[in-house]
Amino acid sequence: MAEARSDLTSRVLPATTLCFASSLAPRPLELHNHHANSNPPIECFRVSGVGIIAGGAGDLGAAFSRALFEHGLQNLTILDAPSEETAEPIISRLSSDFPLAKITFTRVDVADSGAVEKAVDAVVQTLGPITILANFVGVVCCEHAVQHSLHSWRRAFETNNTGSFAVAQAVARTVVTTKKGGSIILVASISGTRVNFPNHQVEYNASKAAVIMMKSYLAVGWGA
């Protein structure tokens, strides 16, 4: 029977207590285990195997490399266009902070698919099957669209889009061959979804938008 409207004003609504303040305090890691044989939740975030960071000589790539080492990765190769001298400070800091890690550097133009395949194959031969690729490659030319040269346009797409695909494809081929599985991360930009006016970077926005769609297609095509 339906309740009278007058009764609804005094009705006690059901409630659930999610936690007490004291439960938010840090607890010993072993207390998180559901049973004696289960792994701590932190194990869910552990990274192992061999990683490649394309564009790893930049700030974003360096920060991501550090995060991988902090989560257990021991073998990493940085692929980038700058010289080894440019990448040396980053590699030195990482080597100092993670002395047990093995870090190598290969100078490569990601738009050169042949050079990319050679570099990726060398990683497999020296470090083992690749389990993670993170691609941070990106160039930008801040020119007004009216004066924008086709040379700068082509350079951006060759590096940001074609280069991203070349690295992803080369790594995917090794994953198929080794049958070890792996993760491929293609880093785009908010500029791939927003104009970011008044920044004059039409070629960068367009190329990063292409990376976003490429990511979605490869996730479906390669993940099936």
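Computed quantities for the displayed model
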| read-out | value |
| --- | --- |
| Those residues of the stretch 75-93 which are part of a helix (DSSP H, G or I) and out of contact with any Phe, Trp or Tyr (no Cβ under 7 Å at 6 or more places or on another chain), in sequence order | E85, T86, E88, P89, I90, S92, R93 |
| In the stretch 58-74, residue farthest from E43 (Cα to Cα) [restricted to those that are not in a loop (DSSP other than H, G, I, E, B) and not small (G, A, S)] | D59 |
| Residue among L94, L73, L127, L79 that is in contact with a strand residue (DSSP E or B) (Cβ under 8 Å, 6 or more places away or on another chain), closer than 20 Å to L218 by Cβ and in contact (Cβ under 8 Å) with a residue 12 or more places away in the chain | L79 |
| Per-region count, the stretch 173-193, residues over 17 Å from G49 (Cβ atoms), assigned to a helix (DSSP H, G or I) and in contact (Cβ under 8 Å) with a residue 40 or more places away in the chain | 0 |
| Answer residue from the stretch 186-224, given it is of a type in the set (S, T, N, Q) and crowded, with 18+ Cβ neighbours inside 10 Å and is nearest to H144 (Cα to Cα) among those | Q201 |
| Single condition F69 does not satisfy, out of (1) under 24 Å from Q125 (Cα atoms); (2) aromatic (F, W, Y); (3) loosely packed, with under 13 Cβ neighbours inside 10 Å | (3) |
| From A170, A156, A166, residue being touching a Cys at 6+ places or on another chain (Cβ under 8 Å), in a helix (DSSP H, G or I) and under 21 Å from L79 (Cα atoms) | A156 |
| Top-ranked residue of the stretch 165-224 - restricted to ones that are of a type in the set (D, E, K, R) and within 24 Å of F45 (Cα to Cα), ranked as modelled with the highest pLDDT | K215 |
| Residues satisfying the stated conditions in the stretch 147-171, i.e. under 18 Å from I185 (Cβ atoms), of a type in the set (G, A, S) and either free of Cβ contacts under 8 Å to residues at least 40 places away in the same chain or in contact with a Ser or Thr (Cβ under 7 Å, 6 or more places away or on another chain) (or both) | A166 |
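Conditions tested, residue by residue: (1) of a type in the set (V, I, T); (2) out of contact with any Leu (no Cβ under 6 Å at 6 or more places or on another chain); (3) more than 16 Å from N205 (Cβ to Cβ).
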residue	(1), (2), (3)
A111	no, yes, yes
V116	yes, yes, yes
A122	no, yes, yes
T126	yes, yes, yes
F136	no, no, yes
V139	yes, yes, no
C142	no, yes, no
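The values are calculated or read from the model by the stated rules, or taken from the named source; none is laboratory data. Computed from a predicted structure; not experimentally measured. Ideal geometry is used to build each Cβ from the backbone, glycine not excepted, and the neighbour counts take in all protein chains shown.
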